[in-house]
Amino acid sequence: MIGGGHLLDVDTLSRAEIERVLDLAVEMRAARGTPTCRSLLEAETVGLAFYEASTRTRVSFELAAKALGATVVDLHVAGSSVGKGESLIDTLRTLERTGVTTLVLRHETSGAPYLAARCTGMAVVNAGDGMHAHPTQALLDALTLREAIGPLDGRVIAIVGDVAHSRVARSNLHVLVSCGARVRLGGPAAWVSGFEGYPGVEVAANIHDTLADADAVMALRVQLERSAVGAIGSLHEYVARWRLDEARMEVAAPNAPILHPGPTNAGVELTGELANGRRSLIGRQVENGVPVRMAVLALVTGAA
Amino acid sequence: MSEERFGRLTDPPVTFLMTGVRVVDPGEGSNTIRDLAVLNGFLTDSATLPPGAEQLDGTGLIAAPGFCDLHTHLREPGGEDAETIASGTRAAARGGFTTVCAMPNTDPPPDTPIQLTRLLEAGRDAACRVRVVGSVTIGRAGQALADLAGMADAGAVGFSDDGAAVPSPDLARAALSCLAGVNRPLIEHAEDSSLVAGSVMRAGPTAVRLGLAGWPPSAELSVVERDIALAAESGGRLHLTHLSTAAALEAVQDARARGVPVTCDVTPHHLALTDAWVAGSRHFAWDEPADVGVIAARAFDGSCRVNPPLTSREDALALLAGLADGTIDAIATDHAPHPRERKIVPFEEAAPGMIGLETALSIGLAAVEAGRLDLATLIHALSLGPAQIIAERRSLAPGQLADLVVFDPLARRRLEAEGLASASVNTPLLGMELPGVVRLTVADGRVMYRS
């Protein structure tokens, strides 16, 4: 899919394709600022269409596109014709006609980028769609993990929280399993059910079993805006049973790092001590956002 | 494709002789190759035809009683951008249907005898018979019973709040009690609205993979069980439409064994398509591989959004078995046209429904070719089975007003948007090659379609 004009999901990427993105991201990080790098996408116009709030993803896509010399337009959804009731596809076709060649789309519904890819001629990069996928987040997480703990073969990566409503978790499952990792899911039953059958994935019954000997731990955001808490009783109960803290991390592999896609809910998914402590890779995740998105943009446009 | 012609119920009656056609008549239990003669609209003995009557070669073709669709959305009034009585009945005729039952989720819904009469009037010169299903509740709002007896007198063949179930048990019981007195079925869209809130496809591995909120089978079963209990108490006839789960089918089987007056239908798309189609599969249920994966070029296609949602492979095969063993009385299309702009949207925002009148026979024939259904059962489920539920007759015996379809079961056609008679094109079958082409549809002795 990547290199073929779109990045809609990571589920069809092979290990070799994933590693190519990560290797290229490392190259991009080094090359950022060089004249070659800054001319790579000078013929491209990248349109950012974010129908949902975003800081990290939108800003890093914008910086990535600019670092490659692309012209960047940001469709300010609230201030655009979307507010006048224009349909998604009409808006995207308008962007295409104005000259956008590559579309970076975030949308609140699962599958919206597939519609964009089918019904327009633009290269489409999925920047997060509903509960379905967040490909570039999973790729930057894989890069962050690889750089922190080495190759992922046989390593146990624990993912804790609301897997069911999480596009980050879905995309991470595919990337981590493709890279040879074992994924262990932990969370309230309503948040992990349905994933038992995924190849390479196991579901743990409690926080202890989830973290035991884990080589790295990924905390998911509790998505209060998707009103997902109703299914599990209460937020208080989640914190009591599942919140990551230093004591619970004792059973994980020594120095096992912690990732979180952000933004965190203070004190809900993990303690502030963990989020800001020695195990935390949260800052590294954000830093890796730009080079990974540079690599993705270069690949979907055929520039790399 | 040869030239196509449509007719109207107001056309003059037809006279012709079709030679050597295989006549499958479920009412007679017969299946023979013979000549089929129609004189001034009536089936007759070929010896009585005048010399010079038009002769048609029926070699290789199958003649069956006209099909009857218990569940059609003609969208008139209020949704004429998607379909009209004229376009919808032409689609019906092209699919071999001679009767369609217009569902009442129109704007406004038919909830009074006068509105019902008006709709029946509007269908007088259509391309097939238009029967009308009245709204159970006033404004289809689920609050108070409409004038069911009055609408039955005006010609309603049944009552439904389709699009939703009758929401409360007491209202459903009152409706069934009332309908017991006028011998009309309550046609129930069995679905608990609170259990399906927000869902857009069948719960299961594909929904989990695609990150789409899942529709639980309990939503159907809970209303089916409620209504069966109410039908048993009240004596009113219950007809469950578009059943989509094996669990609900088992409940129907049990109820019938106890003598509860319950019938049911299934749509072609719940028999043959599966939830994997939302991920881009285009395999019929009986051909579906173990892991379909996600086919990016077709995944999340709004044309696969339908309610109840496309079912699991296991449930589709159970529904096919239920049709084969007679638990399911009828195939009904739930033909639900929508304008393009309501389907070229993200999957979750797509209007639910797909057109079905022009493909029902083809899907059935695909199941026959796959050995999942026998031809006589298919024809029964499309013609006599549904007709009996609305007290229509179907027979190919001499003396009857001709009401029949003739189709070529082996001819194949690629389904193209341009060729459809419906005003809408929302079906995921576009581009697929399907078996079965209708050559002639005759309703009330008039030619409604010919190709």
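Under 9 Å between Cβ atoms, at least 6 apart or on separate chains: pull out the pairs that start in region B:424-437 with a residue that is surrounded by 20 or more Cβ atoms within 10 Å (Cβ to Cβ) and end on any residue that is among the aromatic types (F, W, Y).
Cβ pairs passing all conditions: B:P428/B:W277; B:G436/B:F407; B:V437/B:F407.
Taking the stated definitions as given, is A:V156 surrounded by fewer than 24 Cβ atoms within 10 Å (Cβ to Cβ), of a type in the set (A, V, I, L, M) and within 14 Å of chain B (Cβ to nearest Cβ)?
Working: surrounded by fewer than 24 Cβ atoms within 10 Å (Cβ to Cβ): yes; of a type in the set (A, V, I, L, M): yes; within 14 Å of chain B (Cβ to nearest Cβ): no.
For A:V156, the condition - surrounded by fewer than 24 Cβ atoms within 10 Å (Cβ to Cβ), of a type in the set (A, V, I, L, M) and within 14 Å of chain B (Cβ to nearest Cβ) - is not met.
Scan B:S46, B:S30 and give me the residue that is of a type in the set (S, T, Y) and farther than 16 Å from B:V405 by Cα. First the steps, then the outcome.
Working: B:S30 fails: farther than 16 Å from B:V405 by Cα.
On inspection, the qualifying residue turns out to be B:S46.
Which residues, taken from region A:136-163, are within 15 Å of the chain's Cα centre (by Cα), hydrophobic (A, V, I, L, M, F, W, C) and in a loop (DSSP other than H, G, I, E, B)?
Once the filter is applied, which keeps residues that are within 15 Å of the chain's Cα centre (by Cα), hydrophobic (A, V, I, L, M, F, W, C) and in a loop (DSSP other than H, G, I, E, B), region A:136-163 yields only A:V163.
Are any of the residues in region A:99-114 over 17 Å from B:V294 (Cβ atoms), within 11 Å of another protein chain (Cβ to nearest Cβ) and either assigned to a strand (DSSP E or B) or basic (K, R) (or both)?
For region A:99-114, residues over 17 Å from B:V294 (Cβ atoms), within 11 Å of another protein chain (Cβ to nearest Cβ) and either assigned to a strand (DSSP E or B) or basic (K, R) (or both): present.
I'd like to check something: does region A:70-88 contain any residue that is under 20 Å from A:G262 (Cβ atoms) and either touching a helix residue (DSSP H, G or I) at 6+ places or on another chain (Cβ under 6 Å) or within 14 Å of chain B (Cβ to nearest Cβ) (or both)?
No, the conditions are met nowhere in region A:70-88.
Residue by residue, here is whether (1) within 14 Å of chain A (Cβ to nearest Cβ); (2) buried (at least 24 other Cβ atoms within 10 Å of the Cβ) holds:
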residue	(1), (2)
B:P346	yes, yes
B:M354	no, yes
B:V368	no, no
B:S395	no, no
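What single numbered condition from (1) buried (at least 22 other Cβ atoms within 10 Å of the Cβ); (2) modelled with pLDDT under 95 fails to hold for B:G181?
Condition (1) is where B:G181 drops out.
Residue-by-condition table, conditions (1) assigned to a helix (DSSP H, G or I); (2) over 28 Å from B:G214 (Cβ atoms):
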residue	(1), (2)
A:A231	yes, no
A:R241	yes, no
A:M249	yes, yes
A:A253	no, yes
A:A256	no, yes
A:P263	no, no
A:A266	no, yes
A:E287	yes, yes
A:P291	yes, yes
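Any residue that is in contact with a strand residue (DSSP E or B) (Cβ under 9 Å, 6 or more places away or on another chain), in a loop (DSSP other than H, G, I, E, B) and within 16 Å of B:T441 (Cβ to Cβ) - is there at least one of those in region B:24-39?
Within region B:24-39, none of the residues are in contact with a strand residue (DSSP E or B) (Cβ under 9 Å, 6 or more places away or on another chain), in a loop (DSSP other than H, G, I, E, B) and within 16 Å of B:T441 (Cβ to Cβ).
What is the number of the single condition among (1) without any contact (Cβ under 8 Å) to a residue 60 or more places away in the chain; (2) within 14 Å of chain A (Cβ to nearest Cβ); (3) not β-branched (V, I, T) that B:L323 does not meet?
Just one mismatch for B:L323, condition (2).
Which one is farthest from the other protein chains (Cβ to nearest Cβ) among residues in region B:330-344 that are surrounded by 24 or more Cβ atoms within 10 Å (Cβ to Cβ) and in contact with an Asp or Glu (Cβ under 8 Å, 6 or more places away or on another chain)?
Ranking the candidates gives B:A330 first.
Looking for something within 14 Å of another protein chain (Cβ to nearest Cβ) and in contact with a Phe, Trp or Tyr (Cβ under 8 Å, 6 or more places away or on another chain) - is there at least one such residue anywhere in region B:255-278? Before you say what the answer is, go through the steps one by one.
Here is the first cut: in region B:255-278, the ones within 14 Å of another protein chain (Cβ to nearest Cβ) are B:275, B:277-278.
From what's left, in contact with a Phe, Trp or Tyr (Cβ under 8 Å, 6 or more places away or on another chain): B:278.
There is at least one residue in region B:255-278 that is within 14 Å of another protein chain (Cβ to nearest Cβ) and in contact with a Phe, Trp or Tyr (Cβ under 8 Å, 6 or more places away or on another chain).
Checking B:V278 against (1) at pLDDT below 95; (2) part of a helix (DSSP H, G or I), only one condition comes out false. Which one?
With (1) at pLDDT below 95; (2) part of a helix (DSSP H, G or I) applied to B:V278, the lone miss is (1).
Taking A:V10, is it more than 14 Å from chain B (Cβ to nearest Cβ), surrounded by 16 or more Cβ atoms within 10 Å (Cβ to Cβ), among the β-branched types (V, I, T) and in contact (Cβ under 8 Å) with a residue 12 or more places away in the chain? Quick ask: steps written out before the conclusion?
Details: more than 14 Å from chain B (Cβ to nearest Cβ): no; surrounded by 16 or more Cβ atoms within 10 Å (Cβ to Cβ): yes; among the β-branched types (V, I, T): yes; in contact (Cβ under 8 Å) with a residue 12 or more places away in the chain: yes.
In short, no.
Hey, could you check region B:93-121 for residues that are more than 21 Å from the chain's Cα centre (by Cα) and not in a loop (DSSP other than H, G, I, E, B) and say which is nearest to B:F407 (Cα to Cα)?
It comes out as B:E121.
Evaluate the following for A:T98: is it farther than 16 Å from A:R293 by Cα, surrounded by fewer than 17 Cβ atoms within 10 Å (Cβ to Cβ), at pLDDT 95 or above and not small (G, A, S)? If you could, list the steps in order and put the result at the bottom.
Numbers: farther than 16 Å from A:R293 by Cα: yes; surrounded by fewer than 17 Cβ atoms within 10 Å (Cβ to Cβ): yes; at pLDDT 95 or above: yes; not small (G, A, S): yes.
So A:T98 fits the description; yes.
Can you work out which of the residues in region A:263-280 that are crowded, with 22+ Cβ neighbours inside 10 Å and of a type in the set (A, V, I, L, M, F, W, C) is farthest from A:D23 (Cα to Cα)?
This residue is A:L270.
Condition check: modelled with pLDDT under 95, under 16 Å from the mean Cα position of the chain (by Cα) and either more than 18 Å from A:V296 (Cβ to Cβ) or within 14 Å of chain B (Cβ to nearest Cβ) (or both). Does A:H174 satisfy that? Lay out the reasoning, then the answer.
Working: modelled with pLDDT under 95: no; under 16 Å from the mean Cα position of the chain (by Cα): yes; either more than 18 Å from A:V296 (Cβ to Cβ) or within 14 Å of chain B (Cβ to nearest Cβ) (or both): yes.
No: the conditions fail for A:H174.
Could you give me the residue pairs with C-beta distances under 6 Å whose first residue belongs to region A:88-111 and is on the phi < 0 side of the Ramachandran plot, whose second residue is in a helix (DSSP H, G or I) and surrounded by fewer than 18 Cβ atoms within 10 Å (Cβ to Cβ) wherever it lies, and which are 6+ apart or on separate chains?
A:I89/A:C119; A:T91/A:V82
Can you tell me which residue in region B:283-315 is surrounded by the fewest Cβ atoms within 10 Å (Cβ to Cβ), limited to those that are at the interface with chain A (Cβ under 9 Å from one of its Cβ atoms) and either β-branched (V, I, T) or part of a loop (DSSP other than H, G, I, E, B) (or both)? Full working, then the answer.
Just the residues of region B:283-315 that are at the interface with chain A (Cβ under 9 Å from one of its Cβ atoms), to begin with: B:293-294, B:296-302.
Applying the additional criterion that residues be either β-branched (V, I, T) or part of a loop (DSSP other than H, G, I, E, B) (or both) yields B:293-294, B:296-301.
Working: B:G293: 15, B:V294: 23, B:A296: 20, B:A297: 9, B:R298: 19, B:A299: 27, B:F300: 31, B:D301: 22.
In this case the residue turns out to be B:A297.
Let's see how each residue does on (1) without any contact (Cβ under 8 Å) to a residue 40 or more places away in the chain; (2) closer than 27 Å to B:P13 by Cβ; (3) surrounded by fewer than 21 Cβ atoms within 10 Å (Cβ to Cβ); (4) basic (K, R):
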residue: B:A82; (1), (2), (3), (4): no, no, no, no
residue: B:I85; (1), (2), (3), (4): no, yes, no, no
residue: B:A91; (1), (2), (3), (4): no, yes, no, no
residue: B:V132; (1), (2), (3), (4): yes, yes, no, no
residue: B:V136; (1), (2), (3), (4): no, no, no, no
residue: B:D147; (1), (2), (3), (4): yes, no, yes, no
residue: B:G158; (1), (2), (3), (4): no, no, no, no
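Every residue, every condition in (1) surrounded by 15 or more Cβ atoms within 10 Å (Cβ to Cβ); (2) in contact (Cβ under 8 Å) with a residue 40 or more places away in the chain; (3) outside any strand (DSSP E or B), yes or no:
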position	(1), (2), (3)
A:L176	yes, no, yes
A:L185	yes, no, no
A:G194	yes, no, yes
A:G197	no, no, yes
A:E202	yes, no, no
A:A205	no, no, yes
A:T210	yes, yes, yes
A:A214	yes, yes, yes
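If we keep just the residues of region B:212-242 that are surrounded by fewer than 24 Cβ atoms within 10 Å (Cβ to Cβ) and within 14 Å of chain A (Cβ to nearest Cβ), which is farthest from the chain's Cα centre (by Cα)?
Among those residues, the one meeting the criterion is B:A213.
Can you name the residue in region A:115-153 that is among the β-branched types (V, I, T) and within 14 Å of chain B (Cβ to nearest Cβ) and, of all such residues, is surrounded by the fewest Cβ atoms within 10 Å (Cβ to Cβ)? Break it down stepwise before answering.
So the first thing to find is which residues in region A:115-153 are among the β-branched types (V, I, T), and the list is A:120, A:124-125, A:136, A:144, A:149.
From the residues that got through so far, the ones that are within 14 Å of chain B (Cβ to nearest Cβ) too are A:120, A:124-125.
Working: A:T120: 17, A:V124: 25, A:V125: 28.
Here the answer is A:T120.
Give the residue that is surrounded by the fewest Cβ atoms within 10 Å (Cβ to Cβ), with candidates limited to residues of region B:260-282 that are of a type in the set (S, T, Y) and in contact with a helix residue (DSSP H, G or I) (Cβ under 6 Å, 6 or more places away or on another chain). So that I can check it myself, show each step before the final result.
Narrowing region B:260-282 to residues of a type in the set (S, T, Y): B:263, B:267, B:274, B:281.
With the extra rule that they be in contact with a helix residue (DSSP H, G or I) (Cβ under 6 Å, 6 or more places away or on another chain), the set shrinks to B:263, B:274.
Values: B:T263: 22, B:T274: 28.
Once the filter is applied, the top-ranked residue is B:T263.
The values are calculated or read from the model by the stated rules, or taken from the named source; none is laboratory data. As the structure is a prediction and not an experimental result, all values here were calculated from the model. When we count neighbours, we look across all protein chains shown, and the Cβ atoms used for this are built from the backbone with ideal geometry, even at glycine.
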